[in-house]
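The values are calculated or read from the model by the stated rules, or taken from the named source; none is laboratory data. Predicted, not measured: the structure shown is a model, and the values here were computed from it. Note that each Cβ is placed from the backbone with ideal geometry, even for glycine, and that neighbours are counted across all protein chains shown. The accessibility values were calculated without ligands, DNA or RNA, using every heavy atom of the protein model including side chains. Shrake-Rupley method; radii C 1.70, N 1.55, O 1.52, S 1.80 Å.
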Amino acid sequence: MSRRSGILEFAVLGLLREAPMHGYELRKRLNTSLGIFRAFSYGTLYPCLKTLVANGWLIEEPGSAPEDALAASLSGRRAKIVYRLTAEGKEHFEELLTHTGPDSWEDEHFAARFAFFGQTERDVRMRVLEGRRSRLEERLEKMRASLARTRERLDDYTLELQRHGMESVEREVRWLNELIESERAGRDQRRSDAETSADTAEQDRTSDDTGGLPRHGGSTRPDPSDDTTK
């Protein structure tokens, strides 16, 4: 399986996890939600769907709207097929969400992974973001080195194009830095909230044990030498 077909399968499973769809709806969502698939065709999507069905990750169902089925029968056309994620398909997609290897840092795969960050665990999001940042920093270093070697041999337009490319990578690195800091801040806040909740629960347990009164050490019997007891 090629890298691009793997990305497409991941995206299809992710979209169908939200709701069943027929092929046209899927293609539209892939085009509008995931811009990396703007150039792909039905000839790419349908073999992918057939593969997912064969693997047991999707099932095909007839369209549910009666008027659609009636119109299809009258016109001699096939009714639209709706694709639904199976339990095995959901489990497979959730497993794919945990992958954080180098492939998830590359341009197309990262865009698809980021589109489903809302369904991804925070620790996994952090590893993908940090890996992507590391990959771009390596790319930026190579671009700077190449520009320094070839600057004198480039015309103004080629030089400007290379600068534009470097600025685009620099912008994405800054964006990734902001996302990573936001994830860390959210982690720290959740940790602080959890500690506060634990402290509050402990205080509540202590209050219950003492009947709502603070605990005091030692005996509660009066001191015989205390004048107030006479």
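Annotations
- Based on the reciprocal of the average 1/r between different C-alpha atoms, the Kirkwood radius for region 121-190 equals 13.7 Å.
- Summary of packing: across the peptides 18-29, 173-184, the per-residue average of other C-beta atoms within 10 Å ranks them, highest first, as 18-29, 173-184.
- The residues of region 89-191 expose, per residue, 63 Å² of accessible area to a 1.4 Å probe.
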